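Novice: I'd like to ask some things about the structure below.
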Amino acid sequence: MGSAISSRRFLRNGNASYRRPLVFCRELRGVTDSAVSLNVAVAERLKNVSPATRSMRLESCFVSALSGLPEGVVIRGIDVLFNPVYEIDVVALLCSAYRKHHFDLVWPGCFEDNQLLYAEEGCPDYRSFDIARYDITCIY
């Protein structure tokens with residue numbers, strides 16, 4: 001399902017034809033410059049949730065943080081979602097949240113061999129996501 005395109009192709013085509021989250025795997029001048037960080041907004045909402053139910057309420061806290069932003073906003077700073085205690089599929093959460101509020105994302109890790117990577121292998125918060133499993137378009 002997921003696909004990857006070069007930043008050159010993306011800039012040539014524009015983003016009007018994409019109907020799923022765009023995941024920017026690198027900074028793109030004029031596109032990602034004004035990305036809004038959500039770490040603090042999501043963390044503030046999570047602190048009001050019992051630790052035992054945070055995993056279940058994470059998506060609603062994330063969508064709540066998005067709700068004050070315009071549709072189609074580019075976001076960054078989602079590291080709070082990768083807390084290993086939550087044991088969630090972060091990319092699946094992002095795809096689900098996208099259905100409620102459209103946004104694009106600056107990925108906080110790297111992109112290699114059609115995999116979105118977060119943190120370094122061996123770290124407790126390390127994650128690898130095969131983009132073929134998700135309805136996203138990665139811009140590298």
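The values are calculated or read from the model by the stated rules, or taken from the named source; none is laboratory data. Here the structure is a predicted model, which is why all the values come from computation and not from measurement. Reconstructed Cβ throughout: ideal geometry from the backbone, glycine too, with neighbour counts over all protein chains shown.
Novice: Filter the range 96-125 down to residues that are over 23 Å from Arg8 (Cβ atoms), without any contact (Cβ under 8 Å) to a residue 40 or more places away in the chain and over 15 Å from the mean Cα position of the chain (by Cα), then give me how many there are.
Specialist: Counting residues in the range 96-125 that are over 23 Å from Arg8 (Cβ atoms), without any contact (Cβ under 8 Å) to a residue 40 or more places away in the chain and over 15 Å from the mean Cα position of the chain (by Cα) gives 4.
Novice: For the structure I just gave you, tell me whether Arg19 is under 15 Å from Val106 (Cα atoms) and at pLDDT below 95.
Specialist: Values: under 15 Å from Val106 (Cα atoms): no; at pLDDT below 95: yes.
Against the criterion (under 15 Å from Val106 (Cα atoms) and at pLDDT below 95), Arg19 does not qualify.
Novice: Sticking with this structure for a sec: If only one of Ala97, Ala92 is surrounded by fewer than 18 Cβ atoms within 10 Å (Cβ to Cβ), among the hydrophobic types (A, V, I, L, M, F, W, C), at pLDDT 95 or above and outside any loop (DSSP other than H, G, I, E, B), which one is it?
Specialist: Numbers: Ala97 fails: surrounded by fewer than 18 Cβ atoms within 10 Å (Cβ to Cβ).
Within the list Ala97, Ala92, the selection yields Ala92.
Novice: Identify, please: which residue in the range 115-127 is part of a strand (DSSP E or B) and of a type outside the set (D, E, K, R) and is, among those, nearest to Phe82 (Cα to Cα)? Step through it out loud before you land on a result.
Specialist: Taking the range 115-127 first, the residues part of a strand (DSSP E or B) are 115-118, 127.
Retained after the next criterion (residues that are of a type outside the set (D, E, K, R)): 115-118.
Values: Gln115: 16, Leu116: 13, Leu117: 11, Tyr118: 8 Å.
Here the answer is Tyr118.
Novice: Does the range 35-70 hold any residues that are over 12 Å from the mean Cα position of the chain (by Cα), under 16 Å from Ala97 (Cα atoms) and polar (S, T, N, Q), and which are they?
Specialist: Ser55, Ser60, Ser64, Ser67
Novice: Find the residue count for the range 100-114, including only residues that are touching a helix residue (DSSP H, G or I) at 6+ places or on another chain (Cβ under 7 Å) and either among the β-branched types (Val, Ile, Thr) or assigned to a strand (DSSP E or B) (or both). I'd like the intermediate steps shown before the answer.
Specialist: Start the filter on the range 100-114 by keeping residues that are touching a helix residue (DSSP H, G or I) at 6+ places or on another chain (Cβ under 7 Å), which leaves 100-101, 103, 105, 108, 114.
Subsequent filtering for residues that are either among the β-branched types (Val, Ile, Thr) or assigned to a strand (DSSP E or B) (or both) retains 103, 105.
The number of residues fulfilling the criteria is 2.
Novice: Please work out which residue is surrounded by the fewest Cβ atoms within 10 Å (Cβ to Cβ), limiting yourself to the range 70-83 and to residues that are out of contact with any His (no Cβ under 8 Å at 6 or more places or on another chain) and not β-branched (Val, Ile, Thr).
Specialist: Checked the range 70-83; the qualifying residue surrounded by the fewest Cβ atoms within 10 Å (Cβ to Cβ) is Pro70.
Novice: Still on this structure: Regarding the range 71-89, can at least one residue be identified that is in a helix (DSSP H, G or I), within 13 Å of the chain's Cα centre (by Cα) and within 13 Å of Thr137 (Cβ to Cβ)? Steps first, answer last, please.
Specialist: In the first step, residues of the range 71-89 are kept if they are in a helix (DSSP H, G or I); the result is 79-82, 84-86.
Keeping just the survivors that are within 13 Å of the chain's Cα centre (by Cα) gives 79-82.
Subset that is within 13 Å of Thr137 (Cβ to Cβ): none.
No: the range 71-89 contains no residue that is in a helix (DSSP H, G or I), within 13 Å of the chain's Cα centre (by Cα) and within 13 Å of Thr137 (Cβ to Cβ).
Novice: Taking the residues in the range 31-63 that are without any contact (Cβ under 8 Å) to a residue 12 or more places away in the chain and among the polar types (S, T, N, Q) as candidates, determine which candidate is farthest from Pro21 (Cα to Cα).
Specialist: This residue is Ser50.
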